[in-house]
Amino acid sequence: MLQIERVRLELEEDEALVRRRAAGALRVSETEITSLQIVRKAIDAREGVRFVYTLRVSVKNEKAVLKRCGNRNVSLAGDTSWRLPEPVSPPEIPPVVVGAGPGGLFCALALARCGARPILLERGWNVEKRREDVERFWQTGGLDPESNVQFGEGGAGAFSDGKLNTGTRDPRHRFILETLAAHGAPESILYDAKPHVGTDYLYRVLSDMRQELEALGCDIRFGHKLTGVERQEGRVTALEVQSPAGTCRIPARQVVLALGNSARDTFEMLCAAGVPMEPKPLAVGVRIEHRQADIDLSQYKALAGHPRLPAASYKLSCHLENGRGVFSFCVCPGGEVVAAASEAERVVTNGMSRYARDGGNCNGGLLVGVSPADFTGNGPLAGIAFQRQLEERAYTAGGGGFTAPAQRVEDFLLRRASAGPGAVVPTYRPGVKWSNLWEVLPEFLCQSLAEALPVLDRKVRGYAHPDAVLTAVETRSSCPLRMLRDESGQSAVRGLWPCGEGAGYAGGILSAAADGLRTAERVLAEI
């Protein structure tokens, strides 16, 4: 098979023309192409707007065609597939996966497909009940600390944009995308340069994956929270778990800790139990919200609003003279800012969008890098204390009920409280309280945001629009600690396998799922 890169189509050209362009690149007739697959579709808006494709094409005598065409954009396609390890006999003591986010789900899926019949523990509930609990929270401010945007089937990614792009290359990524598509995700994730599932599709995917897991013998237990680890001679022997029926004990030899980045009480328990971990840098800040039409205009210029163009996004960063990095994170075109708290009296924001991305606003994290030197106190849990302090300030400033403090950009830059919205109406529920964020967030954080806004505005015109809305606070962009593991993937407490974003080894749905597969490989090797 041959791979052809940089195949371009103008906005008005029909996608059926990619076959003709492929034939032209290979210097063959269209009839000589026996198969054609789009493996990547991107938008180039640098000069005008056009689509750019990467194709995989089959023809006869491929090596001869490759040599004859003399096109540097054509090459032999390599094998980028990832395959499951060899099957195993079900062990007497099943492996246990703790957490049903992307890392835990894909780890459990690989274990189950290979015959290991794992137990999957999730402190929250299945996605059907979880949706009801989250919607009630957004409407009323009534938080369920075990069933919310952070905890439950699918993890935090279930209430997000469902973005699947990553800056790393891993053959497991294609397997993950194909698995999601097979369980009901849009087929476009297999070739879009910036694939996303959308919250509305993620619900269906999770339910369908659960059915496969159960059919393969995976024992899924919702409402089960890890509360203790038993060990002998440095190796785990059993888990203490809080369940709806009370506390229970589960024998265990291999335990995958795919906890997600918000399982703070579990981190505290594991730290007290002597599981090695260390603080690590993270980023905190606010959600910035614009009118989607303004972002489209900035990115697409005169072609904004064209029916073939998706809602525009952006990716921004800058490095300030004070040494801080400021960057956009988890941008949600056509989405909404959501309440993402998991603890009482602490406000947390995040972004979410549906597959169509058809909302009137675009929002994204506007974050400032922080390091352990910024934390008050020492030790591996110092970053959690730092996050909690910011979340408590935001809750107090919002006046309770998980209302979030918000401010127009113009007012923020002038250090004055906002009295209400301008052209951008905030989407955050249960609601916002117009405030002065300089009185809510640390001085260094606000100063960094204020310096970055005009710099980023020069990259995306209108980013620092006076009426753009800043909603505080975003603290859960990543885990503030790392659970140490060796080359085998295990903790110094043997039999514990830290995994995914909560363990400090991933950043997003795709990379967490890939780490879940990697961990499953290691567990299967031991079995």
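If you check GLU132, GLU128, which single one turns out to be open to solvent by 50 Å² or more (accessible area, probe 1.4 Å) and free of Cβ contacts under 8 Å to residues at least 60 places away in the same chain?
GLU132
Going by the structure shown, is LEU449 part of a helix (DSSP H, G or I), surrounded by 18 or more Cβ atoms within 10 Å (Cβ to Cβ) and touching a residue at least 24 places away in the same chain (Cβ under 8 Å)? First the steps, then the outcome.
Values: part of a helix (DSSP H, G or I): yes; surrounded by 18 or more Cβ atoms within 10 Å (Cβ to Cβ): yes; touching a residue at least 24 places away in the same chain (Cβ under 8 Å): yes.
In short, yes.
Given the criteria touching a residue at least 60 places away in the same chain (Cβ under 8 Å), more than 30 Å from VAL493 (Cα to Cα), open to solvent by less than 20 Å² (accessible area, probe 1.4 Å) and in contact with a helix residue (DSSP H, G or I) (Cβ under 6 Å, 6 or more places away or on another chain), does LEU206 qualify?
Values: touching a residue at least 60 places away in the same chain (Cβ under 8 Å): yes; more than 30 Å from VAL493 (Cα to Cα): yes; open to solvent by less than 20 Å² (accessible area, probe 1.4 Å): yes; in contact with a helix residue (DSSP H, G or I) (Cβ under 6 Å, 6 or more places away or on another chain): yes.
Yes, satisfied.
Among ALA356, ALA341, ALA311, which is assigned to a loop (DSSP other than H, G, I, E, B), within 20 Å of the chain's Cα centre (by Cα), among the small types (Gly, Ala, Ser) and closer than 19 Å to VAL425 by Cα?
ALA311
Give the residue that is surrounded by the most Cβ atoms within 10 Å (Cβ to Cβ), with candidates limited to residues of the range 424-446 that are charged (D, E, K, R) and part of a helix (DSSP H, G or I).
For the range 424-446, the residue satisfying everything is GLU439.
Among the candidates ASP208, ASP200, ASP170, which residue alone is among the acidic types (Asp, Glu) and in a loop (DSSP other than H, G, I, E, B)?
ASP170
Quick test for you: out of GLU146, GLU122, pick the one residue that is buried (at least 24 other Cβ atoms within 10 Å of the Cβ), touching a Gly at 6+ places or on another chain (Cβ under 8 Å), within 30 Å of VAL337 (Cα to Cα) and at pLDDT 95 or above.
GLU122
Being modelled with pLDDT of 95 or more and within 30 Å of LEU239 (Cα to Cα) is the requirement here; does CYS479 meet it?
It is true that CYS479 is modelled with pLDDT of 95 or more and within 30 Å of LEU239 (Cα to Cα).
Would you pick out the residues in the range 155-169 that are out of contact with any Pro (no Cβ under 8 Å at 6 or more places or on another chain) and more than 11 Å from CYS330 (Cβ to Cβ)?
Listed by number, the residues that qualify are ALA158, PHE159, THR166, GLY167, THR168, ARG169.
Mind listing whichever residues of the range 178-189 are within 17 Å of ALA513 (Cα to Cα), assigned to a helix (DSSP H, G or I) and open to solvent by less than 30 Å² (accessible area, probe 1.4 Å)?
Matches in the range 178-189: THR179, LEU180, ALA181, ILE189.
Given (1) over 28 Å from ALA341 (Cβ atoms); (2) in contact with a Leu (Cβ under 9 Å, 6 or more places away or on another chain); (3) not in a helix (DSSP H, G or I), where does PHE175 come up short, assuming only one miss?
Status for PHE175: all satisfied but (3).
Residues of the range 370-386 being open to solvent by 40 Å² or more (accessible area, probe 1.4 Å), assigned to a loop (DSSP other than H, G, I, E, B) and not polar (S, T, N, Q), which ones?
GLY377, LEU381
Kindly check whether there is at least one residue in the range 155-162 that is out of contact with any Leu (no Cβ under 9 Å at 6 or more places or on another chain), more than 17 Å from SER342 (Cβ to Cβ), open to solvent by 30 Å² or more (accessible area, probe 1.4 Å) and not acidic (Asp, Glu).
From the range 155-162, those out of contact with any Leu (no Cβ under 9 Å at 6 or more places or on another chain) are 156, 161; that's our starting set.
Narrowing further to those that are more than 17 Å from SER342 (Cβ to Cβ): 161.
Checking which are open to solvent by 30 Å² or more (accessible area, probe 1.4 Å) leaves us with none.
No, that holds for no residue.
Going by what's in this entry, would GLY142 be described as closer than 30 Å to VAL432 by Cβ, of a type in the set (Gly, Ala, Ser) and part of a loop (DSSP other than H, G, I, E, B)?
Judged against the criteria, GLY142 is a match.
If LEU367 satisfies all but one of (1) part of a helix (DSSP H, G or I); (2) under 23 Å from the mean Cα position of the chain (by Cα); (3) surrounded by 24 or more Cβ atoms within 10 Å (Cβ to Cβ); (4) not hydroxyl-bearing (Ser, Thr, Tyr), what's the number of the condition it fails?
(1)
Before we move on, is LEU259 within 20 Å of the chain's Cα centre (by Cα) and either within 30 Å of VAL331 (Cβ to Cβ) or open to solvent by 40 Å² or more (accessible area, probe 1.4 Å) (or both)?
Answer is yes for this residue.
I'd like to verify a number: residues in the range 220-234 that are open to solvent by less than 60 Å² (accessible area, probe 1.4 Å) and either assigned to a strand (DSSP E or B) or over 21 Å from ARG253 (Cβ atoms) (or both), how many?
Here is the first cut: in the range 220-234, the residues open to solvent by less than 60 Å² (accessible area, probe 1.4 Å) are 220, 222-229, 234.
Now restrict to residues that are either assigned to a strand (DSSP E or B) or over 21 Å from ARG253 (Cβ atoms) (or both): 220, 222-223, 225-229.
The total comes to 8.
What is the one condition in (1) closer than 30 Å to CYS362 by Cα; (2) open to solvent by 10 Å² or more (accessible area, probe 1.4 Å); (3) in contact (Cβ under 8 Å) with a residue 40 or more places away in the chain that ARG482 does not satisfy?
(1)
Being in contact (Cβ under 8 Å) with a residue 24 or more places away in the chain, open to solvent by 10 Å² or more (accessible area, probe 1.4 Å) and at positive phi is true for just one of GLY508, GLY500. Which residue is that?
GLY508
Name, by its number, the condition in (1) more than 21 Å from GLY157 (Cβ to Cβ); (2) open to solvent by 40 Å² or more (accessible area, probe 1.4 Å) that does not hold for ARG346.
The one condition ARG346 does not meet is (1).
Just need a number here: residues in the range 387-423 that are open to solvent by 30 Å² or more (accessible area, probe 1.4 Å), of a type outside the set (Lys, Arg), part of a loop (DSSP other than H, G, I, E, B) and free of Cβ contacts under 8 Å to residues at least 60 places away in the same chain.
Adding up the residues that qualify gives 6.
So which residues in the range 464-478 are β-branched (Val, Ile, Thr) and in a strand (DSSP E or B), if there are any at all?
Matches in the range 464-478: VAL469, THR471, VAL473.
The values are calculated or read from the model by the stated rules, or taken from the named source; none is laboratory data. Remember, it's a predicted structure, so these values are computed and weren't measured experimentally. Cβ: placed from backbone, ideal geometry, glycine included. Neighbour counts: every protein chain shown. Accessible surface areas use protein heavy atoms only, side chains included; no ligands, DNA or RNA. Shrake-Rupley method; radii C 1.70, N 1.55, O 1.52, S 1.80 Å.
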